[in-house]
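Reviewing the structure listed below.
We did not get these values from a lab; they are worked out from the coordinates using the rules stated. Worth saying up front: this structure is predicted, and the values here are computed from it rather than measured. FYI the Cβ positions are ideal-geometry reconstructions off the backbone, even for glycines, and counts take in every protein chain you see.
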Amino acid sequence: MNEIFFDKEKETMKRRDIEALQLERLKWTVNRCYDKVPYYKEIMDKAGVKPSHIQKLSDISLLPLLSKADMRENYPFKLFASPTEEIVEIHASSGTTGKPVVGAYTRNDLDAWSECMARIIAASGVTREDIAQISFGYGLFTGAFGLHYGLQKVGCMVVPISSGNSAKQLMLMEDFGVTVLIATPSYGVYLSELAKDKGISDHLKLRVGLFGSEVCTPEMRDQIEENIGIIVTDNYGLTEIGGPGVSGECLERDGLHINEDYYLCEIIDPDTCEPLPEGETGEVVVTPLWKEAFPIFRYRTKDLATITYEPCRCGRTSARMTKVMGRTDDMMIIKGVNVFPSQIESVLFTKPHIGPHYQLILRKKNFMDTLEVQVELIDSSLLERYRELDALQNDIRGSLKSVLGLDCKVTLVPPRTIQRFEGKAKRIIDKRNEEQA
Amino acid sequence: MTINQISVLVENRAGAVAEIISVLAEKKINIYAVNMADTPNFGILRFIVSQPDDAKALLEREGFLVSSCKVLAVGLKDLPGGLTKVTKVLTKNGISLEYMYAFISNSENNACVILNTADIEFTEQLLTDAGIPVYGYEIFEKK
């Protein structure tokens, strides 16, 4: 495979050089936070740490951890380190759980962000000859603009269609000869199903999909690849730390390469907050090393992953994080068992006769938690064979039990009755507090 | 002689059956026989209709999960023990019934059932050999 680099020199730096650069930029970031943002000065003073205490990379653990609560407390602009006249763009999280988190960018910030995105895009094998359709919703959401800037930096022709109107999405894809699709994995699955149903999969020139903003399990990826014959890569980031751009997969798809000269990532134990050794799974904590307008350190992402520093077969020397295995707040605790939707998804994607969409319903029955997994039956031949329907239900239930250690109810529902999502999928319905036994 | 039956997966909610039936009514497709089996999660509606291929295509276009298969329309005496004549033949040959439902017909035998087994052709052969009438679509036609 002919590996494509956007900035080969930076992407193949020696470990020692990466770390030296990280330390220099970490000092710059911590200084900026302390000098320009009163809130940061206050919490650092309270923790008894001064910027001068950062002498080596591991000194980062002296800094306090930040979370969404800190963002909320300083809504909307109190964490900005640049005056309004230097800020050229604002983004914000959806704010589904309260006030949104607002991020700001200076001209330099946008350049750095574009650079990070361009590297991730090039690592997926995308070049200036590609035509890229962005089916992320444009607006305050960072995803669409991040990819937009990165694709333009690579030199692609960008089709900024935004999300929704799926028939038009497919029409433009076919008429323009679109080769790269940007979407959430769940919308990607939906579009790929629709293309298959309409019989136009073979007319599409799509070859690469960059899917992000929610967890994309390998099984979901395989499903999309099978439906429309493309290579799908995953990338990672979140609004609080600048949007997508933290890391992305190369064509080896053996972990997401972290743009280490722009982000310093740690893995901590989410309960004790202690740093974990390489290879252990824990919460990802990110310190962006490039931000002028909205600097931040040690942000707790609530995403669970593992980091390895082994060089990749692609030639990049950067650390790699695994795909996000779940979120600490997506985690359902059912009868005392920790369950992640991604575990359930992995089981469902290996089963025949059922579709890729699912819904998880939590209830309380006689003071006990129950989990119902609804999934669409798509193979009509089973309608003639009750026993096979029964066997399929039992098979899914058995596999879930062995993976989750939990007995759940499996319900097969007619096709297209489970809600589709154009943005992030909301697959969990928790009725435990509404229905009393 | 076999008959084409169509089966449709029905959602477990009020109005689901009505939606399916109105699709057929709109296109003037006549339902000769109907049966609904339910499981805790959903139902399966089975029909014998005047235009099975059209009905299947129509329902699929509306997004329903539909399958079609061959079943037997078998004539019985409308007397106690009428059905045992059929089940005896099946039992003797080790054939188990998948499902069965009755319908009204114009046959001189007075009663009729639709039945399905794992081996429909073999079943038809056995019933015919035993002198039990197996009908085609003519059984549904009004005299």
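Convert each backbone phi in segment A:154-163 into a coupling constant with the Karplus relation 6.51 cos²θ - 1.76 cosθ + 1.60 (shift: θ = phi - 60°), then list the ³J(HN,Hα) values in order as whole Hz, x for Gly and Pro.
The phi angles translate into 5, x, 6, 8, 9, 10, x, 6, 6, 8 Hz.
Spelling out what I want: for every residue of segment A:383-394, take phi, set θ = phi - 60°, compute 6.51 cos²θ - 1.76 cosθ + 1.60 (Karplus), and round to whole Hz; glycine and proline get x.
Running phi through 6.51 cos²θ - 1.76 cosθ + 1.60 with θ = phi - 60° gives 5, 8, 10, 3, 4, 6, 4, 4, 4, 5, 4, 5 Hz.
What residues qualify as long-range amide H neighbours of A:TYR299, i.e. H under 5 Å apart, gap of 5 or more or another chain, H built at 1.01 Å from N?
A:LEU66, A:VAL286, A:THR287
Can you sort A:ARG416, A:ARG221 by how many other beta carbons sit within 10 Å, fewest first?
A:ARG416, A:ARG221
Let a ≥ b ≥ c be the square roots of the eigenvalues of the Cα gyration tensor of segment A:221-295; is it rounded (a/c under 1.5), or, if not, prolate (a/b larger than b/c) or oblate?
Cα axes put segment A:221-295 in the oblate bin.
Would you please state the base-10 log of I(q)/I(0) at q = 0.21 1/Å for chain B, with intensities from the Debye formula using one equal scatterer on every alpha carbon?
Summing over Cα pairs of chain B leads to -1.28.
Using helices alone, what [θ] at 222 nm do you get for the protein assembly as shown, with -39,500 (n - 2.57) per DSSP H run of 4 or more residues, divided over all residues and rounded to the nearest 500?
It comes out at -9000 deg cm²/dmol, rounded to the nearest 500.
Just rank A:LEU383, A:LEU57, fewest to most, by other beta-carbon atoms within 10 angstrom.
Exposure proxy ranking, most exposed first: A:LEU57, A:LEU383.
What share of the DSSP beta bridges in the protein assembly as shown is antiparallel, in percent to the nearest 5?
75 percent
How many angstrom separate the Cα center of segment A:136-182 from the Cα center of segment A:58-95?
Each part reduced to its Cα centre gives a spacing of 28 Å.
Rule-of-thumb check for segment A:310-379: C-alpha Rg over 2.2 N^0.38 Å?
Rounded to two decimals, the normalised Rg is 1.54.
Give the whole-number value, in cubic angstrom per residue, of the convex hull volume spanned by the C-alpha atoms of segment A:1-324.
129 Å³
Rounded, prolate or oblate: which fits the protein assembly as shown when a ≥ b ≥ c are the square roots of the eigenvalues of the alpha-carbon gyration tensor, with rounded for a/c under 1.5 and prolate only if a/b beats b/c?
It comes out prolate by the Cα gyration axes.
If you plug each phi of segment A:40-49 into the Karplus form 6.51 cos²θ - 1.76 cosθ + 1.60 with θ = phi - 60°, what whole-Hz ³J(HN,Hα) values come out, in order, with x for Gly and Pro?
Result, rounded to whole Hz: 5, 4, 4, 6, 6, 4, 4, 7, x, 10.
Given H placed 1.01 Å from N in the peptide plane, which residues other than close sequence neighbours of B:GLU98 have an amide H under 5 Å from its amide H?
Under 5 Å from the amide H of B:GLU98 lie the amide H atoms of B:ASN116, B:THR117, B:ALA118, each far enough along the sequence or on another chain.
Compute the Rg to Rh ratio over segment B:70-140 from the alpha carbon atoms, using the Kirkwood formula for Rh, and round to two decimal places.
Answer for segment B:70-140: 0.92.
Mind checking the alpha-carbon convex hull of segment A:37-157 and giving the volume per residue in Å³?
Dividing the Cα hull volume of segment A:37-157 by its residue count gives 146 Å³.
Taking all pairs of different Cα atoms in segment A:355-405, averaging 1/r and flipping that mean, what Kirkwood radius in angstroms comes out?
One decimal place: 12.6 Å for the Kirkwood radius.
Please tell me which of these pairs span more than 29 angstrom C-alpha to C-alpha: A:LYS99/A:LYS291; A:LYS56/A:LYS291; A:LYS68/A:LYS323; A:LYS198/B:LYS27; B:LYS56/B:LYS77; A:LYS10/A:LYS78?
In this structure, B:LYS56/B:LYS77; A:LYS10/A:LYS78 exceed 29 Å between Cα atoms.
Please give the FRET efficiency for A:CYS273 paired with B:GLU62, using the beta carbon to beta carbon distance and R0 = 51 Å, rounded to the nearest 0.05.
The value I calculate is 0.40.
May I ask you to work out the translational diffusion coefficient for segment B:3-68 at 37 °C, viscosity 0.692 mPa s, via Stokes-Einstein with Rh from the Kirkwood sum over Cα pairs, reported in whole µm²/s?
Translational D for this selection: 280 µm²/s.
Rounded if a/c is under 1.5, else prolate if a/b is larger than b/c, else oblate: which is segment A:82-128, with a ≥ b ≥ c the root eigenvalues of its Cα gyration tensor?
oblate
Need one number: % antiparallel among DSSP beta bridges in segment A:1-324, to the nearest 5.
65 percent
Helix A:218-228: angle to the longest alpha-carbon principal axis of chain A, degrees 0 to 90, nearest 10?
70 degrees
Computed over the Cα atoms of segment A:332-430, what is the convex hull's projected area averaged over all directions, in nm²?
Its average projected convex-hull area is 6.6 nm².
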